[in-house]
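Working notes for the structure below.
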Amino acid sequence: MTQASWSQLLRPPAGPVDLTAVDPRATPGFTGKKADGQAALLALEPTITDLQERLYAHGRTDGQRRLLLVTQGMDTSGKGGTMRKTVGLMDPQGVVIKAFGAPTDTEKRRGFLWRIRQALPPGGKVGVFDRSHYEDVLVARVRSLASKATIERRYDAINEFEQELAESGCVVVKVMLHISRDEQKARLAERLDNPTKYWKYNPKDIDDRKLWDDFQHAYEIALERCNTDTAPWHVIPADRKWYRNLAVAHLLVEHLEGMGLSWPPADFDIEAEKARLAVS
């Protein structure tokens with residue numbers, strides 16, 4: 001691995017973003033093969049476990065620090081796989097996962113960030129969003145579900161919202177799982193060829209493929225407009241599943257370490273409790 005952090009390697013530079021310049025099969029920060037990457041992911045488990053437990057203990061003592069992992073990507077890019085392989089390294093009692101579908105009529109009336117706020121993790125927890133508030137500037141833009149003026153206002157609203165989260169003690173880790181059109185086609189074909197994966201297949205995915213370039217452009221705009229120092233974006237090459245999982249794991253480790261959490265001190269007389277235990 002290079003000396004640069006994973007956050008530095010995977011964050012798009014300031015200014016316009018060109019996703020065609022990012023190779024979806026690249027493995028920035030890692031020179032090994034698939035087996036090496038899978039082993040490296042498992043080797044991170046003790047570190048992730050320790051860091052997550054520190055965060056959980058912090059929350060149990062009324063601390064408000066928390067982490068929110070936002071995952072975005074085209075269908076089959078691996079949001080679910082990331083949950084299983086990377087987030088799955090964590091203790092599930094300290095993780096809150098929310099998958100966002102199309103908003104209900106009630107949610108639409110309350111504003112696009114209302115349902116997001118209801119799903120935020122409490123202190124001490126790791127929250128994971130499978131899709132997020134970014135759907136309201138991605139799908140909404142491509143499918144003209146809102147006016148251009150409304151979508152423009154949403155970028156600023158998102159930046160203000162994520163700044164608010166940071167100021168309240170929430171670390172926001174945003175990942176765009178960058179898959180190629182050919183790889184998506186191969187994964188969709190696999191679902192159609194395997195009866196155990198029929199349930200994953202959605203005929204609407206083929207319709208979205210016709211809008212591939214429009215979605216890529218919508219992502220480029222969101223990556224540019226909402227790539228703040230408070231809540232930067234990270235573009236994860238996702239054609240290689242093992243690399244995708246490893247990269248997200250390293251990002252989680254870096255951001256959890258960045259919290260600098262220590263173990264909460266005892267709020268009781270340790271020696272007295274030892275004495276009580278001895279005679280119990």
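The values are calculated or read from the model by the stated rules, or taken from the named source; none is laboratory data. Every value quoted in this text rests on a predicted model; they were computed, and no experiment measured them. Neighbour counts run over all protein chains shown; Cβ positions are idealised from the backbone, glycine included. The protein model used for the area step is the full one, side chains on, heavy atoms only, and it has no ligands, DNA or RNA in it. Shrake-Rupley method; radii C 1.70, N 1.55, O 1.52, S 1.80 Å.
In whole Å, what is the distance between the alpha-carbon centres of the stretch 164-183 and the stretch 203-270?
Centre-to-centre distance over Cα atoms comes out at 3 Å.
Restricting things to alpha carbons, find the Rg to Rh ratio for the stretch 102-241 using the Kirkwood radius for Rh.
0.98
What aspartates and glutamates does Lys241 reach when the alpha-carbon gap must be under 19 Å and sequence neighbours fewer than 8 apart in one chain are set aside?
Output for Lys241: Asp23, Asp36, Glu45, Asp75, Asp130, Asp182, Glu183, Glu190.
Amide H to amide H under 5 Å from Gly63: which residues, 5+ apart in sequence or cross-chain, H placed 1.01 Å off N in plane?
It is none; the list stays empty.
Need one number: the % of Cα-Cα pairs in the stretch 157-239 sitting beyond the 15 Å mark.
Within the stretch 157-239, distances greater than 15 Å cover 67 percent of Cα pairs.
Quick check on the chain: helices-only [θ] at 222 nm, where DSSP H runs of length 4 and up contribute -39,500 (n - 2.57) each and the sum goes over total residues. Nearest 500, please.
-14500 deg cm²/dmol
Give me the 1.4 Å probe accessible area per residue for the stretch 124-280, excluding ligands and nucleic acids, in Å².
I get 49 Å² per residue for the stretch 124-280.
Hey, any idea what % of the chain's accessible area is carbon plus sulfur with a 1.4 Å probe?
Carbon-and-sulfur percentage of accessible area, whole number: 51.
Return the single residue from Asp130, Asp193, Asp36 with maximal mean-square fluctuation; model: Gaussian network over the chain, springs between Cα atoms under 10 Å.
Asp193
Given Lys98/Lys200; Lys79/Lys148; Lys98/Lys174; Lys125/Lys174; Lys34/Lys210; Lys148/Lys200, which pairs have Cα atoms separated by over 25 Å?
Violating the 25 Å Cα-Cα cut-off are Lys79/Lys148; Lys34/Lys210; Lys148/Lys200.
Measuring from the lowest to the highest alpha carbon on each principal axis, how far does the chain reach, largest first, in angstroms?
So the extents along the principal axes, rounded to whole Å, are 73, 47, 41.
Which chymotrypsin sites (Phe, Trp or Tyr not before Pro) from the stretch 194-277 combine a DSSP loop assignment with at most 13 other Cβ atoms within 10 Å?
In loop regions of the stretch 194-277 (DSSP not H, G, I, E or B), the sparsely surrounded chymotrypsin sites (Phe, Trp or Tyr not before Pro) are Phe268.
Please give the per residue volume of the convex hull enclosing the alpha carbon atoms of the stretch 57-143, rounded to a whole number of Å³.
Convex hull of Cα atoms, per residue: 101 Å³.
How much accessible area per residue does the stretch 1-96 have, counting only protein heavy atoms and a probe of 1.4 Å, in square angstrom?
52
Relative contact order, percent, of the chain when contacts are C-alpha pairs under 8 Å separated by at least 6 residues?
On the way: 374 pairs, mean separation 92.4, N = 280.
Worked out over the chain, it gives 33 percent.
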